[in-house]
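Take this structure, written in structure tokens, and hold onto it; I'll ask about it next.
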Protein chains: 2
Amino acid sequence: MNIESFSEEQEYLQKYSIDAFDRPSLATDITIFSIMNEQEQINIRKLQKKALKVLLIKRASFPYKNYWALPGGFCIKGEDVIDTAKRELYEETNIQNAFLQLVGAFGESNRDPRGWIISNAFVALIDGELVNLRASTDAWEACWFSMDIRKNEVERTLSENSMCIVTQYTIFLKNSEKNIEMKIVLQEKKVFQDYHETIQIRIEESDLLAFDHAKIILTAYQFLKESIEKDTKAVFDLLPELFTLSQLQNVLEIILDKALLPANFRRKISEYVVETDQIVKHVGYRPAKLFRRNIRSFYKE
Amino acid sequence: MNIESFSEEQEYLQKYSIDAFDRPSLATDITIFSIMNEQEQINIRKLQKKALKVLLIKRASFPYKNYWALPGGFCIKGEDVIDTAKRELYEETNIQNAFLQLVGAFGESNRDPRGWIISNAFVALIDGELVNLRASTDAWEACWFSMDIRKNEVERTLSENSMCIVTQYTIFLKNSEKNIEMKIVLQEKKVFQDYHETIQIRIEESDLLAFDHAKIILTAYQFLKESIEKDTKAVFDLLPELFTLSQLQNVLEIILDKALLPANFRRKISEYVVETDQIVKHVGYRPAKLFRRNIRSFYKE
DNA sequence: CAAATAGTGTCTTTTAGACAATATTTA
DNA sequence: TAAATATTGTCTAAAAGACACTATTTG
């Protein structure tokens, strides 16, 4: 840039007022998924049942006071969006070091009664057993909800060059200790026309979930499922450093929502794991070897 | 919600001032990729060479006056983020109906000299031949740049439980008619430590590209490549309604950056396409059949 | 007919799926 | 030793890769 245009630019910037246009508040919402034990162990002779869980926080203030919501909060000046997400997540739940991925921008005009608030939604998979959630106080109450999601195709029209699929999703969120159960219903409409695809999600029933968080959770879930379907390796984020192959298989089965045959499963993931010399202890049956990820296999080329 | 808490909430909202906190301006930037003819046909007896292209706009005002930038602009109140992207894209380039996908949120504090401006970046693949770009004026000048990207591993350290890979990307952007060439250099650092991955991209050399758009373009390119590697079907967005299998193969080869064998390629994509009774005309060699997508194969289950 | 691209057939290798069998531990 | 899970071996089917071949059009 030459000198003239530099000073011209300086002048321009001095006159520039960022307040000339309306600005939104920018927030983040984070969907944290984990695969955890369904409940306390009943039979020591049996393997623990596991379930997909999502982390929610009870809102202590308006709007949606006493409703449940995703952790998250507003961007602070000078902070990159993902750093906002990390900070809020830590403040509200005590989770650090999650690998956050952006899954969507939610900006429908009526999504927040306080005004024009746009949310960038992130998702992360973590091993929930490793986290000590912040203790509940009057202001905070974070807890895990088991998540059961059911898909039901409502309508499908197909022609040579267009199609429309309407799917209804029913999500059950449940926390047994607190005896809370929620039923969320959403409708997704996928339209393909003029060689162009559009997807819309509408909340039909939101129960005790605040804002448009039902929509965010569904989007995050679809993101999780697709990323693991396309690349199995993403599943390791859900596991501790050391794990057994059955644990790994179980986690994968829950997300993919289908059973896998041990022999085939083991063959397939063998390159991603390394055997350690450690073994699971105190189980009422043959103990399994502990494995860890094979980092080399992740980053080879 | 009962009556009391409803009126309590109303009261809260009346007192609530959205101006209590600093807010960012929210912008969108859209990376449009296309696979187009490299230049005018020279030899009618030969197939046209094609290349990956990206759409840029010359900035007519400060900041970065006379630099090239991605199409995009600021969110208007009441508008969802993706609608901003669609509107700006149409206004600046005349493109409609692109399938936009969110690829990242860019909010580094120094990314825009005007102040705190966060950008949600979208990517779309289109068939550039179908678009009549808005004619250039004093204010607008949109044009396609061929994009050549080179990857070079600078450093790799691997241990049992951590790793660091530094990769340098050099991007050449070129428009022959206007005789513009740009060379962009970026460095990507991938670190895996404590069972947790982080990725950072730094611009080393940005040439005539405005803002942090070099970073956005690289991110969008990686997104494009990965989505097509994971699911071939995404490639159809880059093609017109009717296409030959060689065109399809060529497009795929450019993105995946590797050669494919015709027989195997055809077998693999056969379920996604339907033969039409039309044929390519005016070519100096055996004309190819024209195909279109098989929508049924996209949405079967 | 030569050049150039379009399109097919088939063999081999790799990967995925199914299923049966064996191994190890503890109540 | 019975119950429960861990682990391995092998057959089969499907998908991916390699390569040679034939077909069609136009200058």
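Does A:L224 satisfy being assigned to a helix (DSSP H, G or I) and more than 14 Å from DNA strand C (Cβ to nearest atom)?
Details: assigned to a helix (DSSP H, G or I): yes; more than 14 Å from DNA strand C (Cβ to nearest atom): yes.
Against the criterion (assigned to a helix (DSSP H, G or I) and more than 14 Å from DNA strand C (Cβ to nearest atom)), A:L224 qualifies.
Could you tell me whether region B:200-208 includes any residue that is of a type in the set (V, I, T), touching an Asp or Glu at 6+ places or on another chain (Cβ under 9 Å) and more than 16 Å from DNA strand D (Cβ to nearest atom)? Show your work before the answer.
If we filter region B:200-208 for residues that are of a type in the set (V, I, T), which is where we start, we get B:201, B:203.
Adding the requirement that they be touching an Asp or Glu at 6+ places or on another chain (Cβ under 9 Å) leaves B:201, B:203.
Adding the requirement that they be more than 16 Å from DNA strand D (Cβ to nearest atom) leaves B:201, B:203.
Taking every residue of region B:200-208 in turn, at least one turns out to be of a type in the set (V, I, T), touching an Asp or Glu at 6+ places or on another chain (Cβ under 9 Å) and more than 16 Å from DNA strand D (Cβ to nearest atom).
Moving to a separate point now. Considering only residues of region A:268-280 that are within 12 Å of DNA strand D (Cβ to nearest atom) and β-branched (V, I, T), which is nearest to the other protein chains (Cβ to nearest Cβ)? Walk me through how you get there before you give the answer.
Start the filter on region A:268-280 by keeping residues that are within 12 Å of DNA strand D (Cβ to nearest atom), which leaves A:268-270, A:273, A:275-280.
If we keep only those that are β-branched (V, I, T) as well, we get A:269, A:273, A:276, A:279-280.
Working: A:I269: 17, A:V273: 13, A:T276: 11, A:I279: 19, A:V280: 19 Å.
Here the answer is A:T276.
Next question, about the same structure. Quick check on this structure: which one of B:Y169, B:Y195 is touching a Phe, Trp or Tyr at 6+ places or on another chain (Cβ under 9 Å), at positive phi and surrounded by 18 or more Cβ atoms within 10 Å (Cβ to Cβ)?
Working: B:Y169 fails: at positive phi.
After ruling out the rest, the residue left standing is B:Y195.
Right, another one. When region A:106-133 is examined, which residues are found to be in contact (Cβ under 8 Å) with a residue 24 or more places away in the chain and over 19 Å from the mean Cα position of the chain (by Cα)?
To start, the set of residues in region A:106-133 that are in contact (Cβ under 8 Å) with a residue 24 or more places away in the chain comprises A:106-108, A:111-133.
Across region A:106-133, the qualifying residues are A:E108, A:R111, A:D112, A:P113, A:R114, A:G115, A:W116, A:I117.
To continue, here is another question. Mind counting the residues in region B:93-132 that are part of a helix (DSSP H, G or I), out of contact with any Lys or Arg (no Cβ under 7 Å at 6 or more places or on another chain) and not hydrophobic (A, V, I, L, M, F, W, C)? Full working, then the answer.
First, the residues of region B:93-132 that are part of a helix (DSSP H, G or I): B:93, B:128-130.
Still in the running and out of contact with any Lys or Arg (no Cβ under 7 Å at 6 or more places or on another chain): B:129-130.
Add one more test, that the residue is not hydrophobic (A, V, I, L, M, F, W, C), and what stays is B:129.
Count: 1.
Go over the candidates A:R292, A:R296 one by one and state the one that is more than 11 Å from DNA strand C (Cβ to nearest atom) and in a helix (DSSP H, G or I).
On the way: A:R292 fails: in a helix (DSSP H, G or I).
Matching residue, one of A:R292, A:R296: A:R296.
Specify the residue that is farthest from B:W144 (Cα to Cα); the eligible residues are those in region B:42-62 that are over 23 Å from the mean Cα position of the chain (by Cα) and more than 16 Å from DNA strand C (Cβ to nearest atom).
The qualifying residue farthest from B:W144 (Cα to Cα) is B:F62.
In addition: Mind checking which residues of region A:110-135 are within 12 Å of chain B (Cβ to nearest Cβ) and either hydrophobic (A, V, I, L, M, F, W, C) or farther than 17 Å from A:H213 by Cβ (or both)?
Our first condition is that a residue be within 12 Å of chain B (Cβ to nearest Cβ); within region A:110-135, this holds for A:110-122, A:124-127, A:130.
Selection gives A:G115, A:W116, A:I117, A:I118, A:A121, A:F122, A:A124, A:L125, A:I126, A:D127, A:L130.
Any idea which of (1) touching a residue at least 60 places away in the same chain (Cβ under 8 Å); (2) in contact with a Leu (Cβ under 8 Å, 6 or more places away or on another chain); (3) within 14 Å of chain A (Cβ to nearest Cβ) is the one B:F298 doesn't satisfy?
The single condition B:F298 does not satisfy is (2).
Separate question: Considering only residues of region B:229-267 that are at pLDDT below 90 and either in contact with a Cys (Cβ under 6 Å, 6 or more places away or on another chain) or within 16 Å of DNA strand D (Cβ to nearest atom) (or both), which is nearest to the other protein chains (Cβ to nearest Cβ)?
Going through the qualifying residues, I end up with B:K230.
A further question follows. Give the residue, chosen from B:Q48, B:Q39, that is part of a loop (DSSP other than H, G, I, E, B), modelled with pLDDT under 90 and within 17 Å of B:L173 (Cβ to Cβ). Can you show your working first?
Values: B:Q48 fails: within 17 Å of B:L173 (Cβ to Cβ).
None of the others qualify; the one that does is B:Q39.
Consider A:K178 against the criteria (1) in contact with an Asp or Glu (Cβ under 8 Å, 6 or more places away or on another chain); (2) closer than 30 Å to A:L89 by Cα; (3) free of Cβ contacts under 8 Å to residues at least 40 places away in the same chain; (4) not hydroxyl-bearing (S, T, Y): it satisfies all of them except one. Which criterion is unmet?
(1)
Something else about it: Only one of A:L248, A:L256, A:L261 is within 16 Å of DNA strand C (Cβ to nearest atom), surrounded by fewer than 15 Cβ atoms within 10 Å (Cβ to Cβ) and touching a residue at least 24 places away in the same chain (Cβ under 8 Å). Can you tell me which?
Details: A:L248 fails: surrounded by fewer than 15 Cβ atoms within 10 Å (Cβ to Cβ); A:L261 fails: touching a residue at least 24 places away in the same chain (Cβ under 8 Å).
Only one candidate qualifies: A:L256.
Let me ask something else about it. Considering only region B:143-151, I want to know if a residue exists there that is modelled with pLDDT under 95, outside any strand (DSSP E or B) and surrounded by 13 or more Cβ atoms within 10 Å (Cβ to Cβ).
No, there is no match, as no residue in region B:143-151 is modelled with pLDDT under 95, outside any strand (DSSP E or B) and surrounded by 13 or more Cβ atoms within 10 Å (Cβ to Cβ).
List the number of the failed condition for B:I295; all other conditions in (1) over 22 Å from B:Y221 (Cβ atoms); (2) within 13 Å of DNA strand D (Cβ to nearest atom) hold.
(2)
Please determine whether any residue of region B:167-175 is assigned to a strand (DSSP E or B), within 11 Å of another protein chain (Cβ to nearest Cβ), more than 19 Å from the chain's Cα centre (by Cα) and touching a residue at least 12 places away in the same chain (Cβ under 8 Å). Spell out how you get there, then give the answer.
Initially, region B:167-175 is screened for residues assigned to a strand (DSSP E or B), giving B:167-175.
So of that shortlist, the ones also within 11 Å of another protein chain (Cβ to nearest Cβ) come out as B:167.
Those still in the list that are more than 19 Å from the chain's Cα centre (by Cα) too: B:167.
Filter once more, so that each one left must be touching a residue at least 12 places away in the same chain (Cβ under 8 Å): B:167.
Yes - at least one qualifying residue is present in region B:167-175.
Any residue that is within 16 Å of DNA strand D (Cβ to nearest atom), buried (at least 19 other Cβ atoms within 10 Å of the Cβ) and not aliphatic (A, V, I, L, M) - is there at least one of those in region A:281-292?
yes
For region A:68-82, name all the residues that are surrounded by fewer than 18 Cβ atoms within 10 Å (Cβ to Cβ) and more than 8 Å from chain B (Cβ to nearest Cβ).
Scanning region A:68-82 gives a single hit, A:G73.
Which residues, counting only those in region B:222-278, are touching a strand residue (DSSP E or B) at 6+ places or on another chain (Cβ under 8 Å) and more than 25 Å from B:D148 (Cβ to Cβ)?
Answer for region B:222-278, where residues must be touching a strand residue (DSSP E or B) at 6+ places or on another chain (Cβ under 8 Å) and more than 25 Å from B:D148 (Cβ to Cβ): B:E241, B:L242, B:L245, B:Y272, B:V273, B:V274, B:E275, B:T276, B:Q278.
Quick one: which of A:D212, A:D207 is touching a strand residue (DSSP E or B) at 6+ places or on another chain (Cβ under 7 Å), surrounded by 16 or more Cβ atoms within 10 Å (Cβ to Cβ) and on the phi > 0 side of the Ramachandran plot? Please lay out each step first, then the result.
Details: A:D212 fails: on the phi > 0 side of the Ramachandran plot.
Selected residue: A:D207, the only one of A:D212, A:D207 that is touching a strand residue (DSSP E or B) at 6+ places or on another chain (Cβ under 7 Å), surrounded by 16 or more Cβ atoms within 10 Å (Cβ to Cβ) and on the phi > 0 side of the Ramachandran plot.
Kindly check whether there is at least one residue in region B:264-274 that is farther than 20 Å from A:M163 by Cβ and more than 16 Å from DNA strand C (Cβ to nearest atom).
Checked against the condition, which is being farther than 20 Å from A:M163 by Cβ and more than 16 Å from DNA strand C (Cβ to nearest atom), region B:264-274 yields no hits at all.
The values are calculated or read from the model by the stated rules, or taken from the named source; none is laboratory data. In this text, all values refer to a predicted model and were calculated from it rather than measured experimentally. We place every Cβ from the backbone using ideal geometry, glycine too, and count neighbours over all the protein chains shown.
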